[in-house]
Amino acid sequence: VLVDGVVVGEIKEGEIIGAMAVLTEQPRSATVRAKTRCAVVKVPRDQFASLIRSNPAMIHSLLVDMAKHIMRLNR
């Protein structure tokens with residue numbers, strides 16, 4: 001994960017990326033670049049909203065990921 005060309009983090013398998021921009025309705029704040037070949041699933045904004053409303057486990061996972069990122073940034 002890069003912000004202004006500076007590495008600020010790493011995404012692990014199964015993590016959700018881009019959620020902050022969707023939830024805040026703001027432009028994305030970082031760029032994610034793959035180090036190796038990988039697969040991603042693009043979920044349109046409206047479908048993402050429906051998905052998190054209907055899936056409490058996804059909301060929990062998203063909150064845990066965001067909390068971990070905030071803790072790393074605070075260090």
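The values are calculated or read from the model by the stated rules, or taken from the named source; none is laboratory data. Since this is a predicted model, take the numbers as computed values, not measurements. FYI the Cβ positions are ideal-geometry reconstructions off the backbone, even for glycines, and counts take in every protein chain you see. For accessibility, only protein heavy atoms count, side chains too; no ligands or nucleic acids. Shrake-Rupley method; radii C 1.70, N 1.55, O 1.52, S 1.80 Å.
Any idea which residue in the stretch 1-43 is least open to solvent (accessible area, probe 1.4 Å), counting only those that are among the acidic types (Asp, Glu) and at pLDDT below 90?
By that ranking, first place goes to 15.
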Next on the checklist: So, in the stretch 2-24, how many residues would count as being closer than 16 Å to residue 62 by Cβ and assigned to a loop (DSSP other than H, G, I, E, B)?
Outcome noted: 9
Checklist entry - Does residue 62 meet the test of being of a type outside the set (S, T, N, Q), part of a helix (DSSP H, G or I) and farther than 18 Å from residue 2 by Cβ? => result yes
Checklist outcome for this item: For the stretch 18-59, the count of residues that are within 19 Å of residue 5 (Cα to Cα) and of a type outside the set (A, V, I, L, M) equals 8
Checklist entry - Do we find a residue being open to solvent by 90 Å² or more (accessible area, probe 1.4 Å), farther than 17 Å from residue 63 by Cα and either outside any helix (DSSP H, G or I) or not small (Gly, Ala, Ser) (or both) anywhere in the stretch 46-53? => result yes
